[in-house]
Amino acid sequence: MAAAAIPASFQPAIAARRRSFWTGTPEIYFAKTIDNSRLVKLEDPRCSREMRQFGVALGCLFVLVMAYAFQHFKAIEYGYKIEALKSQRDGLVEMNRALRLEEASLRDPERIDRMARELGLQSPQAGQVIRMDVAVPQASGAEVASLTPVSVVSAR
């Protein structure tokens, strides 16, 4: 009765639409266990060679990257060491300058003379001072050592 209510011009279109949705056999999947334990895989020499080449190429790339990284990090480390040594050198140069200034002030003859007079020392008399840095002409004959009395004053 439903087909009679639909005009005849629409019935072929409806029939075609119904056929497109239903193909006739339902799709049902069955699980089938497959036993591959008796299969033996044959090794492909071409594939093995390609895999070996790929492994070697990958190893070489790894070594090159590690060498680059090692050099890069060593360069950074040496940069830090150089900067530390430069700052240490600058400190030592400043300390050397301060020590030279102190040495110059300690070698001042006026200061030494003033300290000697405070300790009660007197100026040397003629013949008491023998300069060691002046070259003495060699005598042609033998020379006998002589002992001159020297007085020592303790600062204590």
- Item | Residues being of a type in the set (Gly, Ala, Ser) and outside any helix (DSSP H, G or I) - total across the range 31-90 | 2
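Would you be able to say whether some residue in the range 48-57 is free of Cβ contacts under 8 Å to residues at least 12 places away in the same chain and surrounded by fewer than 10 Cβ atoms within 10 Å (Cβ to Cβ)? It would help to see each step written out before you state the result.
Taking the range 48-57 first, the residues free of Cβ contacts under 8 Å to residues at least 12 places away in the same chain are 48-57.
Next, only the ones that are surrounded by fewer than 10 Cβ atoms within 10 Å (Cβ to Cβ) stay: none.
Within the range 48-57 (the criterion being free of Cβ contacts under 8 Å to residues at least 12 places away in the same chain and surrounded by fewer than 10 Cβ atoms within 10 Å (Cβ to Cβ)), the answer is no, since none of the residues qualifies.
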- Message: Tell me yes or no: at least one residue of the range 106-120 is modelled with pLDDT of 90 or more, part of a loop (DSSP other than H, G, I, E, B) and at positive phi.
- Response: yes
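The values are calculated or read from the model by the stated rules, or taken from the named source; none is laboratory data. If you're wondering where the values come from, they're calculated on a predicted model, not measured in any experiment. Please note: Cβ atoms are built from the backbone with ideal geometry, for glycine as well, and neighbour counts cover all protein chains shown.
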